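What follows is a short report on a single structure.
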Amino acid sequence: MKSFKPETIRYTGKGTFKIKEAHTKIDDLYADDLDYETQLRQQAAEIDKFQTNLYAHNRYGMLTVFQAMDAAGKDGTIQHVFTGTNPLGLRIYSFKKPSEQELEHDWLWRSWRDLPERGVIGIFNRSYYEEVLVVKVHPEILLNSQRLPTERTKNLNEFWKHRYEAICDFEKHLYRNGFPVIKFFLHVSKEEQAERLIARIEDPAKHWKFDEQDVKERGFWKAYQAAFEEAINETATTNSPWYVVPADDKKNMRLMVGRILIEELQKLPIAEPDVDEARSKELQKLIKVIQDQ
């Protein structure tokens, strides 16, 4: 059974990330299904404990970003990894196609609007990175739908450079204010994606998960791979790293994401709430009051 060290898939901008060299599958991190479930429960308990301390400390928050190709398993990973975490300390936002209201603002506006508060772990299922992934693969969205001044999009090379800079500035600002940003690219192979899409078609119970657009986007596979590679190289930093998680085995992927979150939460200078002895004595007096009521 393979052990896992998060640093082996962490990218911080030191060196060049090459997507063709990144694994989509590794040896199992679990002995069997029972071992997998046991590890997952243990991780969930640890994450819940850290989140409770985060909430009580009320100085830090955390933003987690999940990006992937279609059918890589973002929803299931979020569901399984955060099972058992107090909902009071979680904020989950799923980014869809921008609404009319959102298009009337700058492209980062809806991300600012849905950031977590202190003491909370924010979860972005897709994110502002869609603006340098989907929009980069389909520049017609940029030119026809985003209502930008024409002169701002004449030089697209410069335009994308500015968007990467804006993302780095955004994440640097969050880090400086106590909100580290941890980014996950769930890296699935083209072959595994095909199997999952076909499985959704063959199982009527999964038809609700199937979107014909996913098949069309699959035709742009190479363009998306290039966009992910460039986005990671342009925005990976020490304080806002990317983790490129092998996603062909969902169980391995979930265990890896859980372990990474625990390690990142451990980095925050947060301890369990201090016990105030004087307040504790005062509260003890209330026990009799409650009993006598």
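Taken over the stretch 70-120, the residue count meeting the criterion of being more than 30 Å from ARG152 (Cβ to Cβ) and in a helix (DSSP H, G or I) is 11. Scan the stretch 147-158 and tell me whether some residue there is touching a residue at least 60 places away in the same chain (Cβ under 8 Å), within 17 Å of ILE232 (Cα to Cα) and of a type outside the set (A, V, I, L, M, F, W, C). No, the stretch 147-158 has no match at all. Of the listed requirements (1) surrounded by fewer than 17 Cβ atoms within 10 Å (Cβ to Cβ); (2) closer than 16 Å to VAL137 by Cβ, PHE228 misses just one: (1). Residues in the stretch 76-124 that are surrounded by 14 or more Cβ atoms within 10 Å (Cβ to Cβ) and of a type in the set (Asp, Glu): GLU102, ASP114. Inspection of the stretch 231-247 finds no residue satisfying the criterion of being of a type in the set (D, E, K, R) and either over 20 Å from THR12 (Cα atoms) or touching a Lys or Arg at 6+ places or on another chain (Cβ under 7 Å) (or both).
Can you tell me which residue within the stretch 62-75, out of those that are over 10 Å from the mean Cα position of the chain (by Cα) and farther than 18 Å from GLU272 by Cβ, is surrounded by the fewest Cβ atoms within 10 Å (Cβ to Cβ)? For the stretch 62-75, the residue satisfying everything is ASP75. Looking only at residues in the stretch 1-18 that are outside any loop (DSSP other than H, G, I, E, B) and touching a residue at least 24 places away in the same chain (Cβ under 8 Å), the one that is farthest from THR235 (Cα to Cα) is PRO6. Of the residues screened, LEU54 is not one that is crowded, with 18+ Cβ neighbours inside 10 Å, more than 20 Å from PRO241 (Cβ to Cβ) and in contact with a Leu (Cβ under 8 Å, 6 or more places away or on another chain). The set of residues from the stretch 52-70 being among the aliphatic types (A, V, I, L, M) and modelled with pLDDT of 95 or more comprises LEU54, MET62, LEU63, VAL65, ALA68, MET69. Consider the stretch 125-167 and keep the residues that are part of a loop (DSSP other than H, G, I, E, B) and touching a strand residue (DSSP E or B) at 6+ places or on another chain (Cβ under 8 Å). The one that is surrounded by the most Cβ atoms within 10 Å (Cβ to Cβ) is SER127. Residues that are surrounded by 16 or more Cβ atoms within 10 Å (Cβ to Cβ), at pLDDT 95 or above, under 20 Å from the mean Cα position of the chain (by Cα) and not hydroxyl-bearing (Ser, Thr, Tyr) occur at least once in the stretch 191-211. For residues in the stretch 8-36 being exposed (fewer than 13 other Cβ atoms within 10 Å of the Cβ) and of a type in the set (D, E, K, R), which is farthest from ASP248 (Cα to Cα)? So, considering only residues that are exposed (fewer than 13 other Cβ atoms within 10 Å of the Cβ) and of a type in the set (D, E, K, R), the one farthest from ASP248 (Cα to Cα) is LYS14. Examine the stretch 194-203 for a residue that is β-branched (Val, Ile, Thr), more than 22 Å from PRO6 (Cα to Cα), without any contact (Cβ under 8 Å) to a residue 12 or more places away in the chain and not in a strand (DSSP E or B), and state whether such a residue exists. For the stretch 194-203, residues β-branched (Val, Ile, Thr), more than 22 Å from PRO6 (Cα to Cα), without any contact (Cβ under 8 Å) to a residue 12 or more places away in the chain and not in a strand (DSSP E or B): present.
The values are calculated or read from the model by the stated rules, or taken from the named source; none is laboratory data. Because the structure is a prediction, the values reported are computed rather than measured. Neighbour counts are summed over all protein chains in view; Cβ atoms, including those assigned to glycine, are modelled from backbone coordinates with ideal geometry.
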